[in-house]
1. I'm trying to understand the selection: among the residues of the stretch 123-152, which are touching a Phe, Trp or Tyr at 6+ places or on another chain (Cβ under 8 Å) and of a type in the set (Gly, Ala, Ser)?
2. If the Cβ limit is 6 Å and pairs must be 6+ apart or interchain, which residue in the stretch 173-190 that is touching a residue at least 60 places away in the same chain (Cβ under 8 Å) pairs with which residue that is among the acidic types (Asp, Glu) and part of a strand (DSSP E or B)?
3. For residues in the stretch 241-281 being among the basic types (Lys, Arg) and within 15 Å of GLY205 (Cβ to Cβ), which is surrounded by the fewest Cβ atoms within 10 Å (Cβ to Cβ)?
4. Can you go through LYS81, LYS102 and tell me which one is of a type outside the set (Ser, Thr, Tyr), at pLDDT 50 or above and more than 18 Å from GLU352 (Cβ to Cβ)?
5. When the residues of the stretch 300-317 are filtered to those that are open to solvent by less than 20 Å² (accessible area, probe 1.4 Å) and closer than 16 Å to ASN137 by Cα, which remaining residue is nearest to ligand 1 (Cβ to nearest atom)?
6. Take the stretch 156-193 and flag every residue that is near ligand 1 (Cβ under 10 Å from one of its atoms) and open to solvent by 30 Å² or more (accessible area, probe 1.4 Å).
7. Return a yes/no flag: does the stretch 222-230 have any residue that is within 13 Å of ligand 1 (Cβ to nearest atom) and closer than 14 Å to ILE282 by Cβ.
8. If a residue must be closer than 17 Å to TYR168 by Cβ, of a type in the set (Lys, Arg) and out of contact with any Phe, Trp or Tyr (no Cβ under 6 Å at 6 or more places or on another chain), how many such residues does the stretch 297-344 contain?
Amino acid sequence: MEHNREFEIDGNSNPIQISRLALDIGGSLIKLVYFSRNSGDDEDPPKDKVGVSNGVNGRLHFAKFETAKINDCLEFISANKLFLGGGFQHQENCTNDRRFIKATGGGAYKFSELFKEKLDISLEKEDEMDCLVMGANFLLKAANQEAFTYLNGQKEFVQIDHNDLYPYLLVNIGSGVSMIKVDGDGKYERVSGTSVGGGTFWGLGKLLTKCQSFDELLELSHQGNNRAIDTLVGDIYGGMDYSKVGLSSTTIASSFGKAISDNKELEDYKPEDISRSLLRMISNNIGQISYLNALRFGLKRIFFGGFFIRGHSYTMDTIAVAVHFWSKGEAKAMFLRHEGFLGALGAFMSYESPSLDNLVVNQMVPLPVNASLVTDTNFDTLKGDLNGTESIRCSIYRA
Ligand SMILES: Nc1ncnc2c1ncn2[C@@H]1O[C@H](COP(=O)(O)OP(=O)(O)O)[C@@H](O)[C@H]1O
Ligand SMILES: CC(C)(COP(=O)(O)O)[C@@H](O)C(=O)NCCC(=O)O
């Protein structure tokens with residue numbers, strides 16, 4: 001049995017002690033969150049009011065892998081010995097030294113045997129919605145500069161009032177989309193969802209453009225013009241607005257509508273235009289359904305997470321405009337810097353056992369006022385897109 005073992009990862013010269021790893025194994029991506037206490041860290045541990053050390057400094061690391069390449073993920077965990085830190089054995093029963101990792105998402109069930117077989121690790125399953133909500137609540141309360149609005153190309157961080165956070169709508173855009181009304185810590189209801197999500201964009205986009213990666217497809221959308229394929233109100237109304245019902249000539253009347261009448265084949269359209277229309281169609285649709293659900297429950301704030309967003313300006317702009325348009329400015333779309341890691345963070349925080357490490361980690365959840373996440377100086381918050389393989393400095397305090 002190896003507890004609190006120190007070892008090196010990432011070629012860093014400082015010994016790093018990994019004390020927690022959690023996974024979110026989704027339909028498209030596997031997300032990893034792990035905490036390291038870096039013994040080379042020159043900062044003093046956090047102290048309480050009377051100067052007693054009451055926490056640890058360290059780093060939260062984020063990484064992701066395509067679910068289809070799960071073997072790369074297993075190799076990463078194994079090569080970096082991420083499962084060897086303290087607390088990975090069942091502490092409440094000393095005779096049981098089964099190694100386990102907290103895991104959420106459908107893959108925690110699907111790949112359970114594979115983890116056992118390849119790494120001799122049991123996946124301790126945590127409910128996906130529980131984890132999403134736990135991760136979102138934690139970030140909204142504990143992390144600095146986490147939530148932001150995006151309108152007219154401007155990103156603006158939102159100061160979250162901890163006493164006025166609930167209720168809100170959490171929209172997680174992964175392979176599919178879940179919409180969750182959140183009323184408090186552990187208090188939520190999944191009120192809606194749609195199968196037209198990130199998997200749809202990537203799947204259809206791959207078929208229609210022959211792109212080989214999600215990033216390529218997203219990059220293409222930058223250069224495209226959706227008017228080449230979408231039918232606009234003006235196309236139907238002879239260049240005019242349909243002002244009586246509030247539709248301007250530039251509003252999309254029918255996504256991909258031009259493909260019917262253009263008498264063109266798929267090859268006649270530019271892949272960048274296809275990508276742009278697809279991204280717009282899906283983002284618009286999600287924005288609209290989200291707003292309708294917010295309206296259903298009288299919610300004014302909608303937080304969007306999930307890796308579909310990828311801090312991509314056009315995606316966020318489309319979603320924000322859809323929410324603004326349909327709500328006539330009443331509801332607000334907000335995005336999260338750690339968008340894709342909500343579930344993994346929730347799983348990370350669900351460890352429970354009485355060692356110091358566990359105690360410290362557990363304190364992150366109920367006592368967010370005392371927990372602060374400090375942004376790594378290497379990470380430019382304004383550029384966004386925490387893409388995986390980054391880390392953030394993190395001080396975790398006890399009460
Ligand atoms: N590198 C990538 N590879 C595949 N999909 C990606 C990538 N980056 C972002 N995505 C988008 O993110 C979606 C998955 O989001 P995520 O929140 O991880 O959901 P899931 O838990 O279903 O895997 C994909 O369907 C795709 O739209
Ligand atoms: C089944 C899921 C919760 C799985 O989560 P994911 O891996 O997509 O993040 C999600 O894909 C979803 O909510 N789909 C939409 C199903 C529906 O409400 O129609």
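The values are calculated or read from the model by the stated rules, or taken from the named source; none is laboratory data. Source: prediction; values computed, not measured. Here the Cβ positions follow ideal geometry from the backbone for every residue, glycine too, while neighbour counts run over all protein chains shown. All accessible areas refer to the heavy atoms of the entire protein, side chains included, with ligands and DNA or RNA removed. Shrake-Rupley method; radii C 1.70, N 1.55, O 1.52, S 1.80 Å.
1. The answer is GLY135, ALA136, ALA147.
2. LYS181/GLU189
3. Here is the first cut: in the stretch 241-281, the ones among the basic types (Lys, Arg) are 244, 258, 264, 270, 276, 280.
Next, only the ones that are within 15 Å of GLY205 (Cβ to Cβ) stay: 270, 276, 280.
On the way: LYS270: 16, ARG276: 23, ARG280: 22.
The qualifying residue surrounded by the fewest Cβ atoms within 10 Å (Cβ to Cβ) is LYS270.
4. The unique qualifying residue is LYS81.
5. Checking each candidate, the answer is GLY306.
6. Initial filter on the stretch 156-193 (near ligand 1 (Cβ under 10 Å from one of its atoms)): 172-178.
Passing the criteria: SER175, GLY176.
7. First pass over the stretch 222-230, keeping only residues within 13 Å of ligand 1 (Cβ to nearest atom): none.
Scanning the stretch 222-230, I find no residue that is within 13 Å of ligand 1 (Cβ to nearest atom) and closer than 14 Å to ILE282 by Cβ, so the answer is no.
8. Here the count works out to 3.
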